[in-house]
1. Output yes when any residue across segment 226-234 is open to solvent by 10 Å² or more (accessible area, probe 1.4 Å) and of a type in the set (F, W, Y), and no when none is.
2. Tally up the residues in segment 176-201 that are open to solvent by 30 Å² or more (accessible area, probe 1.4 Å), farther than 17 Å from L261 by Cα and assigned to a loop (DSSP other than H, G, I, E, B), please.
3. If the Cβ limit is 6 Å and pairs must be 6+ apart or interchain, which residue in segment 121-150 that is farther than 19 Å from T193 by Cα pairs with which residue that is among the small types (G, A, S) and surrounded by 16 or more Cβ atoms within 10 Å (Cβ to Cβ)?
4. List, please: which pairs have Cβ atoms under 6 Å, are six or more places apart or on different chains, and start with a residue in segment 392-413 that is touching a residue at least 40 places away in the same chain (Cβ under 8 Å) and under 29 Å from G451 (Cβ atoms) and end with one that is open to solvent by less than 20 Å² (accessible area, probe 1.4 Å) and polar (S, T, N, Q)?
5. What number of residues within segment 339-359 satisfy the criterion of being part of a strand (DSSP E or B) and more than 30 Å from V441 (Cβ to Cβ)?
6. Checking K526 against (1) charged (D, E, K, R); (2) closer than 30 Å to M392 by Cβ; (3) assigned to a helix (DSSP H, G or I); (4) free of Cβ contacts under 8 Å to residues at least 60 places away in the same chain, only one condition comes out false. Which one?
7. So Y126 fits all but one of (1) surrounded by fewer than 15 Cβ atoms within 10 Å (Cβ to Cβ); (2) among the hydroxyl-bearing types (S, T, Y); (3) under 30 Å from D367 (Cα atoms); what number is the exception?
8. In this structure, does M359 turn out to be surrounded by 14 or more Cβ atoms within 10 Å (Cβ to Cβ) and in contact with a helix residue (DSSP H, G or I) (Cβ under 6 Å, 6 or more places away or on another chain)?
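The values are calculated or read from the model by the stated rules, or taken from the named source; none is laboratory data. Not measured: the values here are computed from a predicted model. As a convention, Cβ positions derive from the backbone with ideal geometry for all residues, glycine included, and neighbour counts pool all protein chains shown. All accessible areas refer to the heavy atoms of the entire protein, side chains included, with ligands and DNA or RNA removed. Shrake-Rupley method; radii C 1.70, N 1.55, O 1.52, S 1.80 Å.
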Amino acid sequence: MKKNLLIAFTAIFLCNEKFFAQEVLNPEGLLQLGRLYGSSMSSDGKQVVFSVKKYNVNTNSNSKKHYLYNPKDGIVKEITDPEKQITNTRISKDGKFSIAAYEIKSKNIFGTDFYPDLKKSDVMIYDNLNYRHWDTWEDGAFSHIFLNKFDGNKIKDSIDIMAGELVDCPQKPFGGDEDYIFSPDSKNILYVTKKKFGKEYAVSTNTDIYSYSIETGKTVNLTEGMMGYDTEPAFSSDGQLAFLSMKTDGYESDKNDIVVLKGNEKINLTKNWDGTITQFKWAPDSKSIYFIAPVNGTVQLFTIAVNLKNEKANIRQITNGNFDVKSIIGISGSKIFAERTDMNHAAEIFEIDIAGGNMKQISHINDEFYNKIRTGKIERRYFNATDGEKLMSWIIFPPDFDSTKKYPTLLYCQGGPQSALTQFYSLRWNFQLMAAHGYIVVAPNRRGMPGYGVKWNEEISGDYGGQNMKDYLTAIDEMAKEPYVDKSRIGCVGASYGGYSVYYLAGHHNKRFKTFIAHDGIFDWKSMYGTTEEMFFVNYDLKGAYWDNDNNAAQKSFNEFNPINYTEKWDTPILIIQGGKDYRVPIEQGLQAFQVAQLRGIKSKLLYFPNENHWVLNDQNSLVWQKEFFKWLKETLNN
């Protein structure tokens, strides 16, 4: 009898060995996940090519592997030559030309440019804005597009099609190959640039799409009179041009629409749709366009019929679920291939049935890792905001959550400010990692986030300390009513605008929070206005400059909504994280906040990354970030 019981218990244990072997997510494991990149369609449009990078903490090195998926036989195989599998869009279809972007020194900046005999001088001399951008000081070089003419297999001639202009293509800091393309007939080069310099460049978002004639050398502005961002030109199979467009100059988070050029007429396909587009691709038959857009805390795939009669848009949502369709890779037959994430999984490639939206996972980069990990449940919660609107929040629970226990809880404040809080998967702000450390995470889709209509998205501009702050407090106050939330152990964390939110709430929280963590947040709007680089952002969102004394909206932003003005109310421990090469939210913001906390005798710590920008990109720095993040929470929230 005892022997049989022993056998039975052994069998039960073996059957559940996977369960008992599972662990919770930790920073080291997160860092070593395979990272998908370089996804594209093969040159024949029938296969998917993708690459995976993995980081080794012990050797501080990366390894890369490349793969090809054939939908016909359903097989993924490793390859060594991904570049040979895809069409080189930098070569014209007739094979006579290629295009490339090169940095060209066009303006004197350094002391040695002006005084060649003073070779040990390292001074930089500026007479206009932008003198620095994102994480780089301007050095007088501009990225230009070059047209290369072939003679057989050799380049016969090379022409700078933007010669003499102090402008960039691709657009800095985030533009890429999508900013310059050949026309299907190989007669023109289309490129995106903002043809402004200095102060005009810093205060404007007015990029345009230009067409350069290879035959005549003449350039035409295809989006003349369109005053916001015009980006991502793409041709259909029958030669129609579409692009993404925002209408308002200076407003970087304006509604992004799909516009089709028909002769000289610009037809906005999505002008009557209450949403904003992230990315699009033409259908092979040119009769429709597929696009992705945020909706209700996720990012989904849609299709729109190309109706050039400018009638009401016929839009259909293809996918639906608690995930993000991160990017469209390509279309093959009745299938779309796309990258997908959710809060439990990093990006993988999925095959999507266009008719019904059914999804099939193609890549399995991290399955082995995830099979070892226990994750917490994720819920949608809807609260009534103070103005009566419905406020959706993501709630992430610890693994093995027990509703009879009490848990420390974190309010997560999203950056942007107009960035969607969806089913993203971050190697740093990872909700499952926070939950694995025993925290409930509350992530509100507060005012200012896309996915709930244009009005909701726009309500944050000029109102940084207003309704969206009430939304934050509504979400955490409502969750604090749950018996499993320990109201004496609630923290508040965030980066960028989320960091600003932390600083602002530190002076307004009325003892709600026991600890704060702010990463690259805005602490003082006046010094921010005086040192940030893309002036259109602060001009639009703050509604003016701080010296505009007659501008009530601007004065409200710089005074009533300025965190530095409420530091006399600071009374809570705070961890401040700052990148030394963050020129969007520059270094003085974090240093000022840390200095205030220290001088006021508040428990505080400064985590300074001298060579990181607005993000933390170095893998070992990222690991330090995680260790310090959770060390701080343990010291200040768990005790």
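1. Yes: one or more hits.
2. Counting residues in segment 176-201 that are open to solvent by 30 Å² or more (accessible area, probe 1.4 Å), farther than 17 Å from L261 by Cα and assigned to a loop (DSSP other than H, G, I, E, B) gives 4.
3. S121/G111; V123/G111; N148/S98
4. If the second residue must be open to solvent by less than 20 Å² (accessible area, probe 1.4 Å) and polar (S, T, N, Q), the pairs left are M392/N445; C413/S501.
5. Final tally of qualifying residues: 2.
6. Condition not satisfied by K526: (2).
7. Every listed condition holds for Y126 apart from (3).
8. Against the criterion (surrounded by 14 or more Cβ atoms within 10 Å (Cβ to Cβ) and in contact with a helix residue (DSSP H, G or I) (Cβ under 6 Å, 6 or more places away or on another chain)), M359 does not qualify.
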